[in-house]
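These notes are about the structure you will find just below.
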There are 2 protein chains.
Amino acid sequence: MRTVAVVGGGLIGTSIGMDLHACGVRVHVIDRDPVTQAVAAERCRGYEGAPPEPADLAVIAVPPGAVAPVLREWQSRGLARCYTDVASAKESVHRAATAAGCALDAFVGGHPMAGSERPGPYAARAGLFTGRPWVLTPDRHTGTAALSAALALVEACGARLVVMGRAEHDRAVATTSHAPHVVASALASAVGAAPQEVVELCGAGIRDATRIAAGETGLWSDILGSNASAVAAALEPLITELTDALVQLRAVAGAPPGTPPRALAGLLDRGGEGRARIMTAQPAAAPAPPPVAVPSYA
Amino acid sequence: MRTVAVVGGGLIGTSIGMDLHACGVRVHVIDRDPVTQAVAAERCRGYEGAPPEPADLAVIAVPPGAVAPVLREWQSRGLARCYTDVASAKESVHRAATAAGCALDAFVGGHPMAGSERPGPYAARAGLFTGRPWVLTPDRHTGTAALSAALALVEACGARLVVMGRAEHDRAVATTSHAPHVVASALASAVGAAPQEVVELCGAGIRDATRIAAGETGLWSDILGSNASAVAAALEPLITELTDALVQLRAVAGAPPGTPPRALAGLLDRGGEGRARIMTAQPAAAPAPPPVAVPSYA
């Protein structure tokens with residue numbers, strides 16, 4: 001793999017470009033915003049705009065709802081021989097790409113499982129994907145060349161390859177990432193609506209619990225909408241669990257005086273076990289270095 | 001303040017003892033578990049058991065449901081001239097202490113807003129409360145001596161004094177700490193029940209979102225039960241919010257093809273604003289040092 005085009009100079013696209021550059025790959029960065037394109041190209045020591053000859057691979061690093069039209073456009077312009085994406089919803093991207101008439105033998109869906117609540121090329125860093133899962137969702141229509149190119153990309157980024165079906169992937173990330181994002185937003189929203197003296201009591205617990213709620217609304221609205229069915233399916237049992245907790249808490253609140261005030265031990269036990277399981281997952285890469293200073297254009 | 005008795009050698013009691021020792025106060029540690037008492041006393045360079053003369057202050061550092069009986073017992077034995085506690089529910093502690101016949105003029109309710117998901121005296125550290133809010137809930141029955149002693153304790157621990165009513169406190173921590181704990185437990189429980197390949201996709205987001213779910217079931221069952229009414233009141237609008245999100249997601253999932261797949265922008269915006277407000281709260285003290293090695297008793 002000698003030349004890769006990255007379409008979309010955000011956090012993920014730029015971080016991929018930085019890793020590819022470190023492996024000696026020639027990187028071309030394309031973004032509809034000229035400033036983002038320039039910054040992203042500079043950060044991965046690449047080139048702005050499409051290469052003169054088709055690249056070995058194009059990485060479509062745009063929000064899920066934009067993948068199909070962007071893929072269609074660049075396939076028709078012959079940007080690369082093979083294509084992959086990084087969107088966190090795979091069924092809806094595949095449906096839209098099929099409907100748009102994309103050449104699907106030259107495309108394999110991908111999802112590197114790393115990120116940051118900070119968006120854009122300045123938040124990018126080399127090594128973001130080191131040791132992290134990178135899901136690929138090939139099917140029987142996927143061509144060997146596209147799969148090989150995607151595998152080379154995963155390897156160049158030092159990620160851990162995971163092959164899954166699209167629906168299986170979508171259900172998994174709904175549970176581990178998308179539904180938690182909705183819940184974190186609801187928690188943060190509730191604290192945000194509270195009086196100032198309540199906000200001042202916030203500690204490390206609520207900070208950690210709501211960190212992901214800092215993500216961009218535009219991107220996350222697209223992600224949740226693109227995986228709406230699986231996110232709804234993951235959210236429903238959470239709501240049932242919380243409603244059950246509410247009923248138990250009301251029973252305790254209404255219990256006669258002297259009753260030992262204990263509640264929700266079953267949920268807390270299961271939560272502790274789930275937490276322990278979550279901590280067995282492959283550890284993330286080393287902590288991020290301080291962010292690059294963002295120059296002012298004012 | 002020259003002598004303080006700490007009843008309960010857990011994370012909070014021991015951390016308080018360490019700060020008091022650093023201020024030159026003579027610390028006596030009492031715990032029903034002899035090993036915990038010995039470790040806690042050693043960690044705050046204090047003494048095991050009650051002092052020969054009444055202490056200036058006794059800090060009842062036990063779970064909320066145990067405060068009233070423990071306070072009653074030690075008041076009857078003359079452990080100290082004044083008493084405070086550290087429980088994160090103040091109405092139920094006050095009700096139980098009243099019912100138990102405690103001397104309430106010698107007691108002021110307190111709640112230092114710092115902690116860790118790791119329990120016990122080995123997780124304790126000096127400076128845990130530095131710069132953190134420490135709520136006191138005096139009322140018109142509170143004696144001047146008890147209030148003065150509690151104020152000296154807050155100052156010795158370098159905390160930021162916040163005076164609130166008991167009900168106001170309970171509502172505030174239900175929003176910022178107790179309801180988020182229930183939600184984090186539900187999230188962790190859902191991931192814990194998923195197949196192993198789902199767990200392996202977990203990243204930093206779900207780790208942070210579920211960190212507090214690692215807390216001890218016994219302690220948290222007591223906390224949630226002791227503040228059941230306020231936690232239920234905080235949980236109810238969260239459930240409404242999530243149910244509303246579920247309805248919106250289903251509408252998006254059922255929308256005709258070609259509809260831009262965007263969802264929940266209002267919730268995500270409010271979540272982002274709430275998150276920004278949470279981050280304006282007084283920063284926590286410096287990050288915790290690595291935990292003290294726990295010797296094996298096996």
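Can you figure out the FRET efficiency of B:ARG77 with A:ALA167, using R₀ = 51 Å and their beta-carbon distance, to the nearest 0.05? The calculated FRET efficiency here is 0.20. Counts of other chain beta carbons within 10 angstrom of each beta carbon in peptide A:169-180 average 6. In this structure the amide hydrogen of A:ALA87, modeled in the peptide plane, comes within under 5 Å of the amide hydrogens of A:GLY110, none closer than 5 places in sequence on its chain.
Ranked by how many other Cβ atoms sit within 10 Å of their own Cβ, fewest first, the residues B:SER15, A:SER116, A:SER185 fall in the order A:SER116, B:SER15, A:SER185. Sorted from closest to farthest, the other copies place their A:THR243 label points 0.6 nm away, with each point set 7 Å from Cα along Cα→Cβ. When you count the other C-beta atoms within 10 angstrom of each residue and take the mean per peptide, A:133-144, A:262-273, B:222-233 line up highest first as B:222-233, A:262-273, A:133-144. For the range B:3-164, the square roots a ≥ b ≥ c of the C-alpha gyration tensor eigenvalues yield an a/c under 1.5, which makes the shape rounded. Say a paramagnetic label sat at a point 7 Å from the Cα of A:ARG45, along Cα to Cβ; which residues of the range A:108-129 have their backbone N under 16 Å from it? Of the residues in the range A:108-129, A:125-127 have backbone N under 16 Å from the label point off A:ARG45.
Across the range A:61-75, rounded Karplus estimates of 3J(HN,Hα) from the backbone phi angles (6.51 cos²θ - 1.76 cosθ + 1.60, θ = phi - 60°) give 9, 10, x, x, x, 9, 4, 4, x, 5, 4, 4, 4, 6, 5 Hz, Gly and Pro being marked x.
Each of the peptides A:100-108, A:160-168, A:203-211 was scored by the mean count of other Cβ atoms within 10 Å over its residues; in descending order, highest first, they stand as A:203-211, A:100-108, A:160-168. Placing a label point 7 Å from the Cα of A:LEU147 along the Cα-to-Cβ direction, the distances to the matching points in the other copies come to 7.6 nm, shortest first.
Which distance in Å, rounded to a whole number, links the C-alpha centroids of the range A:98-147 and the range B:38-61? Using only Cα atoms to place each centre, the spacing works out to 59 Å. Around the amide H of B:ARG160, modelled in the peptide plane, lie the amide H atoms of B:GLY131, B:ARG132, B:TRP134, all under 5 Å away and 5 or more residues distant in sequence or on another chain.
Only helices enter this figure: runs of n ≥ 4 DSSP H residues, each worth -39500 (n - 2.57), summed and divided by the residues of chain B, yield -14500 deg cm²/dmol at 222 nm to the nearest 500. Take each residue of peptide A:90-97, count the partner chain Cβ atoms within 10 Å of its Cβ, and average: the result is 1. Ranked from shortest, the separations from the 7 Å Cα-to-Cβ label point of B:ALA193 to its equivalents in the other copies are 2.7 nm. Applying 1/(1 + (r/R0)^6) with R0 = 45 Å to the Cβ-Cβ distance of B:SER148 and B:THR280 gives a FRET efficiency near 0.90. For the range B:180-198 versus the range A:162-204, the spacing of their alpha-carbon centroids is 12 Å. P(r) tail for the protein assembly as shown, what percent of Cα pairs lie past 37 Å? For the protein assembly as shown, the fraction of Cα-Cα distances above 37 Å is 40 percent. Of all chain A residues, the one whose Cβ lies closest to the rotation axis that maps A onto B, given with that distance rounded to whole Å, is A:ASP208, 2. Simple spin-label estimate for B:ALA22 and B:HIS141 gives 3.6 nm between the two label positions (7 Å along the Cα-to-Cβ direction from each Cα). Full extension of the chain between B:ALA100 and B:ALA265 yields a length gain of 54.3 nm, computed as 0.36 nm times the residue separation minus the alpha carbon distance.
If both residues of a DSSP beta bridge must be in chain A, then about 10% of such bridges are antiparallel. For the range B:42-51, putting each phi into the Karplus relation 6.51 cos²θ - 1.76 cosθ + 1.60 with θ = phi - 60° gives couplings of 5, 5, 9, 6, x, 10, 8, x, 5, x Hz, in residue order, rounded to whole numbers and with x for Gly and Pro. Shown in residue order for the range B:109-114 are the 3J(HN,Hα) couplings computed by the Karplus curve 6.51 cos²θ - 1.76 cosθ + 1.60 at θ = phi - 60°: x, x, 8, x, 8, 8 Hz (x for Gly and Pro).
Between A:CYS44, A:PRO34, A:VAL62, the Cα set farthest toward the positive side of the dipole of the range A:33-116 (charges on each charged residue's Cβ, about the Cα centre) is that of A:VAL62. Taking other C-beta atoms within 10 Å as the exposure proxy, B:TYR83, A:TYR47, A:TYR122 rank A:TYR47, A:TYR122, B:TYR83 from fewest upward.
Taking only Cα atoms, what is the 0 to 90° angle, nearest 10, from helix A:228-253's long axis to the longest principal axis of chain A? So the inclination is approximately 20 degrees. Close amide H partners of B:ARG26, meaning residues 5 or more places away or on another chain with modelled amide H under 5 Å apart, are B:THR3, B:VAL4.
Ranking A:CYS102, B:VAL6, B:THR84 by Cα position along the charge dipole of the protein assembly as shown, where only Lys, Arg, Asp and Glu carry charges on their C-beta atoms, puts B:VAL6 farthest toward the positive end.
Laboratory data are not the source of any read-out in this text; all were calculated from the coordinates shown. Everything quoted here is computed from the prediction, not taken from an experiment. Don't worry about glycine lacking a Cβ; one is built from the backbone with ideal geometry, like all the others, and counts go over all protein chains shown.
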